[in-house]
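The values are calculated or read from the model by the stated rules, or taken from the named source; none is laboratory data. Predicted model, so just to flag it, every value in this text is computed and none were measured. With ideal geometry, Cβ positions are generated from the backbone for all residues, glycine too; neighbour counts draw on all protein chains shown.
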Amino acid sequence: MKSVTRPVEGKDYAIIDDFLSVGDQERLKCLSLSPEFTYRIYESHRGSYDHEKYVAPLQFSHHLYMEGEERVSPHFGAFSGIYLKLKQYFGNYTLLRSKVNISTILPPIDYGKSQVPHVDLEYDNSTPVAHWVALYYLNGSDGNTFFYNSSEEILRVVQPKANRLLLFNGSLLHAASNPAFEQFRIIVNTDLQPEFVKL
């Protein structure tokens, strides 16, 4: 697999608000919550973890695309506006995976805990696959995104905001968290390998 060019300005992440038009954002949100948009339940983490520090709840996922698989969601085309606009920041790129994730409210005892820190794509030997991540928030939520260093200390926290795009180097340790007040946390999670990075 090709390597990922470092960002021109040395940035490992960027936040872009008002990424799509409000109409397109609302259309994708409504589609993601419609009965025709089916989800499967997945574990958000596999393996052991610190139960005092992290949570590993189930989440609902709709896979739009997975490289190497013939299976593509019938709704893949509806999200093409996201994929086309990502070219402003990455030029041509290889789409590795894209899915819609829904996280729901956790019990109050777990409020403030993130899910288990991870990188999205790894080889079998746990070496990260060179890639970038684009998280597009379809709704505002109190389920923040956390970034960690190698000692699992929090480096930064990003709050989901409707129509916000969060871009970051896929080698960064990160984790979602579940909402405590909003009913859902809905994101489009896209992993890609770009030709260049313009942040």
Taking the conditions exactly as written (of a type in the set (S, T, N, Q) and either touching a His at 6+ places or on another chain (Cβ under 7 Å) or loosely packed, with under 10 Cβ neighbours inside 10 Å (or both)), does residue 48 satisfy them or not? yes
Please give the strands (runs of 3 or more DSSP E) falling wholly within segment 117-179 in which 2 or more residues are surrounded by fewer than 21 Cβ atoms within 10 Å (Cβ to Cβ) and β-branched (Val, Ile, Thr). 154-158
Failed item in (1) of a type in the set (Lys, Arg); (2) in contact (Cβ under 8 Å) with a residue 24 or more places away in the chain; (3) surrounded by fewer than 16 Cβ atoms within 10 Å (Cβ to Cβ), with residue 40 passing the rest: (2)
Meets criteria (within 27 Å of residue 35 (Cβ to Cβ) and either touching a residue at least 24 places away in the same chain (Cβ under 8 Å) or of a type in the set (A, V, I, L, M) (or both)) for residue 176: yes
Looking at residue 197 and the list (1) among the β-branched types (Val, Ile, Thr); (2) at pLDDT 90 or above; (3) in a loop (DSSP other than H, G, I, E, B), which single condition is not satisfied? (2)
What single numbered condition from (1) of a type in the set (D, E, K, R); (2) within 20 Å of residue 12 (Cα to Cα); (3) surrounded by 17 or more Cβ atoms within 10 Å (Cβ to Cβ) fails to hold for residue 87? (3)
Going through segment 7-24 in order, the residues found to be over 21 Å from residue 155 (Cα atoms) and modelled with pLDDT under 90 are 8
Pairs needed: first member in segment 83-107, under 16 Å from residue 29 (Cα atoms); second member anywhere, buried (at least 20 other Cβ atoms within 10 Å of the Cβ) and of a type in the set (Lys, Arg); C-beta distance under 9 Å; at least 6 residues apart or different chains. 101/185; 102/185; 103/185; 104/185
Matching entry among 27, 46, 40 (being closer than 28 Å to residue 73 by Cα and modelled with pLDDT under 95): 46
